[in-house]
Amino acid sequence: MPKALGHIRVLDLSRVLAGPWCSQNLADLGADVIKIERPGVGDDTRAWGPPYARDADGNDTSEAAYFLTANRGKRSVTVDIATPEGQALIRDLAREADVVLENYKVGQLKRYGLDYDSLKEIKPDLVYCSVTGFGQDGPYAHRAGYDFLIQGMGGLMSVTGERDDLPGGGPQKAGVALTDLMTGMYATVAVLAALTHRDRTGQGQYIDMALLDTQVAMLANVGSNYLNSGKAPKRWGNAHANIVPYQTFACADGHLIVATGNDGQYRKFVEAGGRDDLLTDPRFATNPLRVQHRDVLVPLLAQMVKTRTRDEWIAQLEAVGVPCGPINDVGEVFENEQVKARGVAIEMDHPAAGKVKLVRSPMKLSLTPAQADLPPPMLGQHTDEVLRDLLGRSEEEIAALRAKGAI
């Protein structure tokens, strides 16, 4: 199949999640991604286990599941960038690349002559993307940034978690590293935009991506609500600040999500529950009124929902067009008939595990589909291949570099 980015090579100096998530997106779209890792150690997430991928006999390998999630489609090359020989290799690889992606602390790569200003001298049309916690300027630029910290500093935890006046209330981080993932997604968009500009003008450019910037941007309506009201939003748990009812309810045997986005859906909901009194009560006639009187309405709806099972409610509400659904655990997600029909889970050959299970890219393009040709690499698996085939190094030169500890 043709590849949308089959003409693009990415030199990926990033580790952990935000940067690798970006480069995996580019790899899924066909880019040749060369992942630079520390000799003998590699990406930090290689050690973030258990769980680990298992071999054919069911025994753990050394491949952490965390690493597998963000590194398919890449070739691993081990280079010690603290050595002059390693720095020279990175410069040579940058000459052959369209994109450099890195997430070192501000100014750290400048010491090695691997910053944007240095590399654009040898590759003027280079697209260079830096991912940091706080960006390249400002009073926090020197600080290390981690997803958990940024979720707190960037406001997400102030609106995530149960209401303070209810049991279990208080700030809560998201269950996945949402800020890292969204930064990786924004970085992907920025890289593609810069490549489009380069193709039109021949100009490369520098991209400054910050986790904090991303977190504030992704507050979306919550941020807009504050900017336009001057009032800081609060936590609503599984409820919605602006829509009622739009939350979870306990059924006779589990929990149900009900998301009534308009007055018509609300009417169908209460009609299905046999509560015409909630339909005719003037306090609940419109969404603004339901928001105003939520403390009265929601307990009444909770009593109504509790009388039936989850599946009974889903069948009834789907039949009348009320958005609803279950709360699945991850096992139930991968057993879901729609998830299976969409082919979300994939299996790839792997040199250590035999087979590894991964999640397919959600980007579905009709002519240039996202696809993973390479499994997540073993540490340094492609070092000799890349140095030999891309840079023309001889076996003797590669052996000498290895003897010096540069690779």
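The values are calculated or read from the model by the stated rules, or taken from the named source; none is laboratory data. Bear in mind the structure is a predicted one, so any value in this text is a computation, not a measurement. As a convention, Cβ positions derive from the backbone with ideal geometry for all residues, glycine included, and neighbour counts pool all protein chains shown. All accessible areas refer to the heavy atoms of the entire protein, side chains included, with ligands and DNA or RNA removed. Shrake-Rupley method; radii C 1.70, N 1.55, O 1.52, S 1.80 Å.
If amide hydrogens are placed 1.01 Å from N in the peptide plane, which non-local residues have theirs closer than 5 Å to the one on Thr78?
When sequence neighbours closer than 5 places are left aside, the close amide H contacts are Glu37, Gly380, Thr383.
Given the chain, what percent of its DSSP beta bridges are antiparallel, to the nearest 5?
Antiparallel bridges make up about 40 percent of those DSSP assigns within the chain.
Among rounded, prolate and oblate, which fits the range 52-193 when a ≥ b ≥ c are the square roots of the eigenvalues of its C-alpha gyration tensor, a/c under 1.5 means rounded, and a/b larger than b/c means prolate?
Verdict is oblate for the range 52-193.
List the residues, sorted by chain then number, that are 5 or more residues from His255 or on another chain and whose placed amide H is less than 5 Å from its amide H.
HN-HN under 5 Å from His255: Ile327.
Can you list which of the trypsin sites (Lys or Arg not before Pro) found in the range 282-366 are DSSP loop residues with at most 15 other C-beta atoms within 10 Å?
Lys306, Arg342, Lys364
Alpha carbon centre of the range 232-310 versus the range 101-175: separation in Å?
Centre-to-centre (Cα) distance: 38 Å.
How are the alpha carbon pair distances in the range 192-248 distributed across 5 Å bins from zero to the largest one, expressed in percent?
Answer for the range 192-248: a P(r) of 4, 14, 14, 15, 13, 9, 8, 9, 8, 5, 1 percent.
Got a number for carbon plus sulfur as a percent of the chain's accessible area, 1.4 Å probe?
Carbon with sulfur: 53 percent of the solvent-accessible area.
Which one of Ala252, Pro84, Leu13 has its Cα pushed farthest toward the positive end of the charge dipole of the chain, where Lys and Arg give +1 and Asp and Glu give -1 at the Cβ?
My answer, from the dipole projection, is Ala252.
In the chain, which whole DSSP H runs stretch at least 20 Å along their own axis (Cα) and average -1.0 or higher on the Kyte-Doolittle scale?
Span-like helices here: 178-201.
Could you tell me which of rounded, prolate or oblate describes the range 85-155, using a ≥ b ≥ c as the square roots of the eigenvalues of the alpha-carbon gyration tensor, with rounded for a/c under 1.5 and, failing that, prolate when a/b is larger than b/c and oblate otherwise?
prolate
Arrange the residues Tyr186, Tyr128 by how much accessible surface each exposes, largest first, with a 1.4 angstrom probe.
Heavy-atom accessible area, descending, gives Tyr186, Tyr128.
What GluC sites (Glu not before Pro) in the range 87-138 are in a loop by DSSP, with at most 16 other Cβ atoms within 10 Å of the Cβ?
Filter output for the range 87-138: Glu96.
Averaged per residue, what accessible area in Å² does the chain show with a 1.4 Å probe, protein chains only?
Per residue, the chain has 50 Å² of solvent-accessible surface.
Positive end of the dipole of the chain, charges at C-beta (+1 Lys, Arg; -1 Asp, Glu), about the Cα centre: which of Ala53, Leu401, Gln108 has its Cα farthest in that direction?
Going by the Cα projections, it comes out as Gln108.
Can you bin the range 142-235 into rounded, prolate or oblate? Criterion: square roots of the alpha carbon gyration tensor eigenvalues sorted a ≥ b ≥ c, rounded for a/c under 1.5, prolate for a/b above b/c, oblate for the rest.
prolate
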